[in-house]
Amino acid sequence: MTTVDRGLDHLQGGHDEHHDVPYLTAKGGPIATVWDWMTTVDHKKIGVMYLFSVLFMFFLGGVAALMLRIELFEPTRQTAAGLTGAAFAGGEGSSVGAVGKFYNTVMTMHGAIMVFMFIVPGIPASLGNFFLPLQLGAKDVAFPRMNLASWYIYVFGSFFGVYVILTGVVDTCWTVSSPYSTSTTGQPQFIAMILAVFVLGFSSIFTGLNFIVTVHKLRAPGMGWFDMPLFIWALYATSIIQVLATPVIGVTFLLLLFERLFQIGIFDPGLGGDPVLFQHFFWFYSHPVVYVMILPAMGIISEVLAVHSRKRLFGYRAIAFSSLAIAAVSFLVWGHHMFTSQGELAATIFSALTFLVAIPTAVKVFNWIATLYKGSIALTTPMLYAMQFLFLFSIGGLTGLPLGALSTDLHLHDSYFVVAHFHYVMFGGTVIAFLAGIHHWWPKMFGRMYNEFWAKIASLIVFVGFNLTFFTQFFLGTQGMPRRYASYVDDFQLLHQISTVGSFILAAGFFVHLFVFIHSLVVGERAGQNPWGGLTLEWETDPVPLEHNFRHEPVVRHGPYDFESVVPPGCDEKEFPLPPKDEVRTIH
Amino acid sequence: MATIDSKASGVAKQDPLWKRYAPGHHWRNQDDEFDGAKIGIWLFLATEILLFSGLFCAYAVFRMLYPESIAQGSQYLDWRFGFINTVVLLISSFTMAMAIRDVQLNKQGWATINLVITLVCATGFLAIKFAFEYIPKWSEGKRLGNLFNYPYATTDHEHVWWSIYYMSTGIHATHVIIGMGLIAWLIYRQRKGAYGPTHYTMMEGVGLYWHIVDLVWIFLFPLLYLVH
Amino acid sequence: MAHANPAHSAAAAHEDAHDHDHAHGHVIVPWYILLGVLLVLLFLTGLTVAQSQFEIYAAEVWGWQIPTWVNIVLAMFIATIKGSLVALYFMQLRYDKGVNAMLFLFTIFAVWLFLMFTMIDLNGRSTITQWRGGEIVEGGSGVGVNREGFGGAPIFVTVRENYIAEKGLTQDEYDKKLAAKHEKHGYHDNPNSKDQSRVRTGLPPGLFDDGPWTETAKSEAKDEADH
């Protein structure tokens, strides 16, 4: 993992005042190196640490998911034998038996880990931290120590949260709805979980805060707002949402904490409160947060599609503004998670507003497709993933429409249709884009190429596995299978079995990816400065970026996607030839 | 409007801390760092505003649904203490702004005085709150949630009113306490000469935080005390 | 923020000697503006208090019933002015670059959205379908209260009954004490009387009192039952 790169010494121009080395260089013995990483304020190292943490959390959440799918292979509850025990038994007076509680607990673990510890920090904290300053031409983010604090807070909150969930007491599902969450037993664990989420929220706020200030104040000379890569626009919009929405979940959980401790009576109907109020509070954050999940993914897709088809992005300003529009509209629609619980007047308003959010999203999808037209498409792994994204995210988005329409949602609410919908957008959207981004930027992050052949195989396995797992769930949903149930009627069994098999294929695909990554880090072929021919500023750094990023402060002289007129930095024209001057490559 | 003039003087070892301050490497210059820090503080203040918005939302909803309980509950609060507290906080906001101004003009003595007055006002706010409001009410049984013990309640949701009251003013008081800690630390650093005309970022930051605390109270006071 | 590394600062200072001492365009707000703003704020605070006391005074002395919404709107209006003054002058938004003000305003907008939509929902529960209004026991049913001897009745009822039992009071004695406790609140004695200038929940009292229409309703019901 720590590569000592002696081969680059000849590139050291001796211009910089400090002796700048590639950021992955070991600083001495193993203990010194570990200490260096633990106390670093270098955004690249923090980004890498986040990457590993976040992927580890994905693994944990995935294990939980596989456990759920194993249980769902058979219609009746299987995990009965040997799992009764006080730790897993339902609380007093609950109608949930021992096995049901176990299933619900694992399901809570899957949801909470995936949402709070994997996908919300996911792209912004890992790839965003690494590449935002690089793409802006800055030496670091605005507040480097806050960056490190954000990582430590994330680790602390995550360990705490996972520990709590593993005690097997919290089984409210990740949405923690009252009145169950205000009255169920398990006070210490609940307090711990509430605190864990509260703490994780700060990690998110710090990251967002850092990004906004960096974009405002640390751009390279010559980079106006509309010369920034679209990944930055996406991260900027994401950060706005993070800063504005996260405190509301903080106060929600704080009030939940007091409701449990002192029964203050604002969420519990037995005390004069209102459970729907809790849902309003909760979803005011949790809806914008799903756009925190998807916006950076869309930013990655913009980058990947442009670079791997060597084509200027179609409609730069449209994509930039649509990111901001999505961020703005995301605050208007939270009630669509509550169609069956709130009053119809509000429900109608929210339903109408929900259709609005599809518009900027569609603008982006059409622009991406138009970008591909007449591009020199290279079917590299990132491009394969980007294409998968276009397909899978479109399915996810379109299936959101029956859920946004009030009348159809009444039938589909809390069914497997919803599960399939959000997995298509979150997994088929964000995770696929995350993989595209990791592969696209892998050579820059670690200075090594990955094995392209096996990576493509893995991506195909992932695609097949994903669709097997989740496409069937649409049918399950429309046929009436409710979500969050551990057992079901026999009629649903075939589809569930296909889904379970699909989930294991999906897991296999990820394991192949894991092996590809490990192989690349250990014996991978060294990458050059710019293997894909990108034009954004991160490709102007050394093959493994130096600690202070750039050798000389970069001055922006061309746009980020001027593929038809600029030879990519670090490449020669034979590698990435420019198209003939009079060739028409846009849609007319 | 006066702006800070510059005298490009060299930096010597015996210069005060604020003169010897160097911005972080990744910033182009000190002004960028100051502007960036200010945007950062405002973003943090945005999160504070949204935190309190949850409490305001709870208040608004329960006021709308159960107005008699809220009205009756508001009767129990003595508006005079609320008024004094508001005045105290406004004065502390003023002295905080004056302290920043003094540092900008390098009047370090006045800056200390103003900061100390701010701290005293904050302490006074908490003292009035605890001595005249929280403690008497708590001992009478007017408590939040299931600790409620006041036998002369007449409306159904009085315990919810008290919950809202204690939660809102409690979280606000917590922020006042945190603010006091920050101001105390500011006094300590300012006595060491860390803040001057060219570097007073931290003071600006704490000042903005303190003004938000004041701002929240400006809205909390009429809603809790005055609107029957 | 303070990357104050002594070894670097000398070099950096030497490099940026010109820039170092010059804080471009940092506005210093004159003391008289700050003081003026403070005085206006104090005045407005007094105004807010006066306005709320005036409502009580007017009701008690002149018998005016000023609608409650006037009180709220006026109080919030004054609070908004006070808040704006603090933001513009004490927090120097007036003298800052626009980005801070935009951020602040967008935050306020988000808060407004949150409150508005939530209140629309919770207020308009039974707007379209009657049964959506639901049956909420006023004060809560008391189920699930984590306290010895509580449950089954709203908290305040149980507290009252415990107190009466503990002190051995008769209902009359208790009522006298209750009246004495609430005496200083003056005209707010009877919150639900239709003379009070306050928004009430649900329907106005007296709406279901018998009147000419109830006879018709009763006879219609009888006709229905007969068929």
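The values are calculated or read from the model by the stated rules, or taken from the named source; none is laboratory data. Being a predicted model, the structure only gives us computed values, none of them experimental. As a convention, Cβ positions derive from the backbone with ideal geometry for all residues, glycine included, and neighbour counts pool all protein chains shown. SASA here: full protein model, heavy atoms, side chains in, ligands and nucleic acids out. Shrake-Rupley method; radii C 1.70, N 1.55, O 1.52, S 1.80 Å.
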Checklist line | Members of the stretch A:391-411 found to be surrounded by fewer than 21 Cβ atoms within 10 Å (Cβ to Cβ), in a helix (DSSP H, G or I) and among the hydrophobic types (A, V, I, L, M, F, W, C), listed by number | finding: A:F391, A:I395, A:L398, A:L401, A:L406, A:L410
Notebook entry, point to check: Out of the stretch B:168-188, which residues are in contact (Cβ under 8 Å) with a residue 60 or more places away in the chain and either outside any helix (DSSP H, G or I) or open to solvent by 10 Å² or more (accessible area, probe 1.4 Å) (or both)?
Noted result: B:I171, B:H175, B:M180, B:A184, B:I187
Next item on the list: Looking only at the stretch A:366-386, decide whether some residue is among the basic types (K, R) and under 30 Å from C:A110 (Cα atoms).
Entry: no
Check: Identify, please: which residue in the stretch B:96-147 is in contact (Cβ under 8 Å) with a residue 40 or more places away in the chain and not in a helix (DSSP H, G or I) and is, among those, nearest to A:F267 (Cα to Cα)?
Finding: B:K142
Margin query: Given the criterion of a type in the set (V, I, T), farther than 30 Å from A:V243 by Cα and either modelled with pLDDT under 90 or buried (at least 21 other Cβ atoms within 10 Å of the Cβ) (or both), identify the matching residue among B:I4, B:I100.
Written below: B:I4
Next item on the list: Scan the stretch A:257-268 for residues that are more than 7 Å from chain B (Cβ to nearest Cβ) and crowded, with 24+ Cβ neighbours inside 10 Å and jot them down.
Entry: A:E259, A:F267, A:D268
Note to self: Checking the conditions here, which among B:T155, B:T86 is at the interface with another protein chain (Cβ under 7 Å from one of its Cβ atoms) and either touching a Pro at 6+ places or on another chain (Cβ under 7 Å) or not in a helix (DSSP H, G or I) (or both)?
What the structure shows: B:T155
Check: Just for the stretch C:76-96: of the residues that are among the charged types (D, E, K, R) and assigned to a loop (DSSP other than H, G, I, E, B), which one is farthest from the other protein chains (Cβ to nearest Cβ)?
Finding: C:R94
Check: Given the residues A:S323, A:S330, which is the only one that is away from chain C (no Cβ under 14 Å) and either surrounded by 19 or more Cβ atoms within 10 Å (Cβ to Cβ) or within 17 Å of A:F282 (Cβ to Cβ) (or both)?
Finding: A:S323
Notebook entry, point to check: Taking the stretch B:63-83, which residues are in a helix (DSSP H, G or I), more than 7 Å from every other protein chain (Cβ to nearest Cβ) and either over 27 Å from A:V248 (Cβ atoms) or open to solvent by less than 10 Å² (accessible area, probe 1.4 Å) (or both)?
Noted result: B:S69, B:I70, B:G73, B:S74, B:R80, B:F81, B:G82
Check: Restricting the search to the stretch A:511-540, which residues are out of contact with any Pro (no Cβ under 9 Å at 6 or more places or on another chain) and of a type in the set (D, E, K, R)?
Finding: A:E525
Note to self: Tally up the residues in the stretch B:31-47 that are at the interface with another protein chain (Cβ under 7 Å from one of its Cβ atoms) and open to solvent by 20 Å² or more (accessible area, probe 1.4 Å), please.
What the structure shows: 4
Check: What is the residue count in the stretch C:50-69 for residues that are open to solvent by less than 50 Å² (accessible area, probe 1.4 Å) and either within 10 Å of another protein chain (Cβ to nearest Cβ) or in a helix (DSSP H, G or I) (or both)?
Finding: 7
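The rows are residues; the columns are (1) over 27 Å from C:L178 (Cα atoms); (2) more than 24 Å from the chain's Cα centre (by Cα); (3) at pLDDT 90 or above.
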| site | (1), (2), (3) |
| --- | --- |
| B:L51 | yes, no, yes |
| B:M64 | no, yes, no |
| B:R143 | no, yes, no |
| B:H159 | no, yes, no |
| B:I164 | no, no, yes |
Notebook entry, point to check: Among A:L66, A:L51, A:L72, which is the only one that is assigned by TED's automatic domain parsing to the domain that holds A:T167, of a type outside the set (S, T, N, Q) and modelled with pLDDT under 90?
Noted result: A:L72
Check: List pairs: first in the stretch A:144-163 and within 20 Å of A:L60 (Cβ to Cβ), second of a type in the set (D, E, K, R) and surrounded by 17 or more Cβ atoms within 10 Å (Cβ to Cβ), Cβ under 7 Å, 6+ apart or cross-chain?
Finding: none
Item checked: Neighbours by Cβ (under 8 Å, 6+ apart or cross-chain): first from the stretch A:399-413, modelled with pLDDT of 90 or more; second in a loop (DSSP other than H, G, I, E, B) and open to solvent by 20 Å² or more (accessible area, probe 1.4 Å) -> A:L403/A:H413; A:D409/A:T340; A:H413/A:T340
Next item on the list: Name the residue, out of A:A527, A:A458, A:A486, that is at pLDDT below 95 and within 30 Å of A:P568 (Cα to Cα).
Entry: A:A527
